[in-house]
Amino acid sequence: MTKTNRRAFMGKAFSAVAGVGAIASLYAMKKSWDPLPSVKAAGFTTLDMSEYKGNELVTEKWRGKPVFILKYTPEMMASLNDDQKTRVIQIGSDYFMVTLGLCTHLGCIPGYNPDEKSFLCACHGGTFNVAGEVTKAPPPRDLDIPPFKINGTTLVLGEEGDEYKKLLEDGKTLRV
Ligand code: FES
């Protein structure tokens with residue numbers, strides 16, 4: 001190889017290595033801009049609704065907030081009037097109360113009494129029934145219902161399905 005040829009070869013090799021390096025660093029930069037898979041999924045909580053038991057309150061989490069899931073027994077369903085039933089979420093042949101687990105007064109987390117089938121907020125004594133309706137002040141309104149979409153036997157919190165939009169339209173919940 002002559003001196004000139006060697007110089008040309010070295011120049012090309014250097015360019016190739018620099019090119020690969022540039023592509024690698026661009027790729028690394030793009031990866032750091034892309035959201036992590038967990039962040040992409042953030043904002044949505046998918047719940048398998050076949051797992052809950054009647055009259056057992058389970059507190060799930062959505063966007064860092066507690067969400068109450070209470071599956072109704074046939075007796076609990078029979079105790080609800082027609083207006084209260086409009087807040088009930090039906091999934092397959094099962095019925096649920098799904099609300100934020102935050103008191104609408106100042107945001108404390110009410111406790112559930114399965115014997116009395118009611119919620120008591122210990123902060124200032126507000127109470128709610130199993131439909132999530134306020135039954136004793138100071139809470140100014142019923143427990144809020146988070147956005148949800150029914151997808152087969154799962155419930156996706158964070159998506160606005162038709163059933164949720166109807167509750168909003170009917171004034172059964174505020175948008176949270
Ligand atoms: S925060 Fe619940 S009654 Fe005041």
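The values are calculated or read from the model by the stated rules, or taken from the named source; none is laboratory data. Treat the numbers as computed from the prediction; the structure is a model and nothing was measured. So basically every Cβ, Gly included, is an ideal-geometry build from the backbone, and we count neighbours across all protein chains shown.
Considering only residues that are hydrophobic (A, V, I, L, M, F, W, C) and more than 19 Å from residue 113 (Cβ to Cβ), which ones fall in the stretch 79-90? Spell out the reasoning first.
Let us first name the residues in the stretch 79-90 that are hydrophobic (A, V, I, L, M, F, W, C), namely 80, 88-89.
Across the stretch 79-90, the qualifying residues are 88, 89.
Residues of the stretch 119-171 being among the polar types (S, T, N, Q) and out of contact with any strand residue (DSSP E or B) (no Cβ under 7 Å at 6 or more places or on another chain), which ones?
Answer for the stretch 119-171, where residues must be among the polar types (S, T, N, Q) and out of contact with any strand residue (DSSP E or B) (no Cβ under 7 Å at 6 or more places or on another chain): just 151.
Among the numbered conditions (1) β-branched (Val, Ile, Thr); (2) in contact with a strand residue (DSSP E or B) (Cβ under 6 Å, 6 or more places away or on another chain); (3) within 9 Å of the ligand (Cβ to nearest atom), tell me where residue 104 comes up short.
(2)
Residue 164 is checked against (1) part of a helix (DSSP H, G or I); (2) in contact (Cβ under 8 Å) with a residue 12 or more places away in the chain; (3) under 23 Å from residue 46 (Cα atoms); (4) out of contact with any Pro (no Cβ under 9 Å at 6 or more places or on another chain) and fails just one. What number does that condition carry?
(4)
What are the residues in the stretch 30-75 that are of a type in the set (A, V, I, L, M) and modelled with pLDDT of 95 or more, if any?
Correct list: 47, 49, 57, 58, 67, 69, 70.
Find the strands (runs of 3 or more DSSP E) located wholly in the stretch 41-159 whose residues include 2 or more that are under 14 Å from the mean Cα position of the chain (by Cα), and list them.
Strands (runs of 3 or more DSSP E) meeting the threshold: 45-48, 57-62, 65-71, 94-100, 148-151, 154-157.
So how many residues does the stretch 128-153 have that are within 16 Å of the ligand (Cβ to nearest atom) and of a type outside the set (Ser, Thr, Tyr)?
Qualifying residue count, the stretch 128-153: 14.
Could you please let me know if residue 153 is surrounded by fewer than 17 Cβ atoms within 10 Å (Cβ to Cβ) and closer than 18 Å to residue 60 by Cβ?
yes
If you scan the stretch 107-127, which residues turn out to be within 26 Å of residue 46 (Cα to Cα) and within 13 Å of the ligand (Cβ to nearest atom)?
The answer is 107, 108, 109, 110, 111, 119.
Six or more apart or on different chains, Cβ under 7 Å: which pairs go from a residue in the stretch 103-131 that's in the same structural domain as residue 85 (by TED's automatic domain parsing) to one that's of a type in the set (Ser, Thr, Tyr) and within 9 Å of the ligand (Cβ to nearest atom)? Could you list them?
118/127; 119/127; 120/127
Filter the stretch 85-101 down to residues that are more than 16 Å from the ligand (Cβ to nearest atom) and buried (at least 17 other Cβ atoms within 10 Å of the Cβ) and give me whichever is nearest to residue 157 (Cα to Cα). Steps first, answer last, please.
To start, the set of residues in the stretch 85-101 that are more than 16 Å from the ligand (Cβ to nearest atom) comprises 85-98.
From what's left, buried (at least 17 other Cβ atoms within 10 Å of the Cβ): 87-89, 91, 95-98.
Working: 87: 16, 88: 15, 89: 13, 91: 14, 95: 16, 96: 14, 97: 13, 98: 10 Å.
Residue satisfying both the conditions and the ranking: 98.
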